[in-house]
Amino acid sequence: MGRFVYGMVGQHRELVDWFRDRCGYCKVHGGGWYEKDDAHRTMTLFGDSGDYGSPQLAFLNCIPEELRGYKFIWRPGWNLPGNELDLEGVTWI
């Protein structure tokens, strides 16, 4: 299962620690940056994590309910065009 976890942190490690404390277990499938645009209801994902590498989007199958209706876009680089992710079969949690 790949749960999408995001937040305003200084280091990806903070998200990992928060999730582990809350759920008791954490397996990281990469990291990166995001830009959440509430006006256009888009979540753009890009980049990678120095500690955890590039996101392995094939594992992304659980997304927080508050993001239902958002379009998820993956950009391999900030200045490169994005591709919309297929959210068919995603579990909204």
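Assorted remarks:
- Verdict on Glu35 being over 19 Å from Trp92 (Cα atoms) and in a strand (DSSP E or B): yes
- Leu45 being assigned to a strand (DSSP E or B) and under 12 Å from the mean Cα position of the chain (by Cα): yes
- Number of positions in the stretch 72-93 that are loosely packed, with under 15 Cβ neighbours inside 10 Å, among the hydrophobic types (A, V, I, L, M, F, W, C) and either part of a loop (DSSP other than H, G, I, E, B) or within 13 Å of the chain's Cα centre (by Cα) (or both): 3
- Hey, Gly10 within 20 Å of Thr91 (Cβ to Cβ) and at pLDDT below 90 or not: no
- Count - residues of the stretch 1-32 that are assigned to a helix (DSSP H, G or I) and touching a Gly at 6+ places or on another chain (Cβ under 7 Å): 2
- Restricting the stretch 48-62 to residues that are part of a loop (DSSP other than H, G, I, E, B) and not acidic (Asp, Glu), the residue that is farthest from Val28 (Cα to Cα) is Gly50.
- Per the conditions (1) exposed (fewer than 12 other Cβ atoms within 10 Å of the Cβ); (2) without any contact (Cβ under 8 Å) to a residue 24 or more places away in the chain, the sole criterion not satisfied by Gly69 is (2).
- Here Phe4 fulfils each of the conditions (1) free of Cβ contacts under 8 Å to residues at least 40 places away in the same chain; (2) surrounded by 10 or more Cβ atoms within 10 Å (Cβ to Cβ) apart from (1).
The values are calculated or read from the model by the stated rules, or taken from the named source; none is laboratory data. Model, not experiment: these values are computed from the prediction. So basically every Cβ, Gly included, is an ideal-geometry build from the backbone, and we count neighbours across all protein chains shown.
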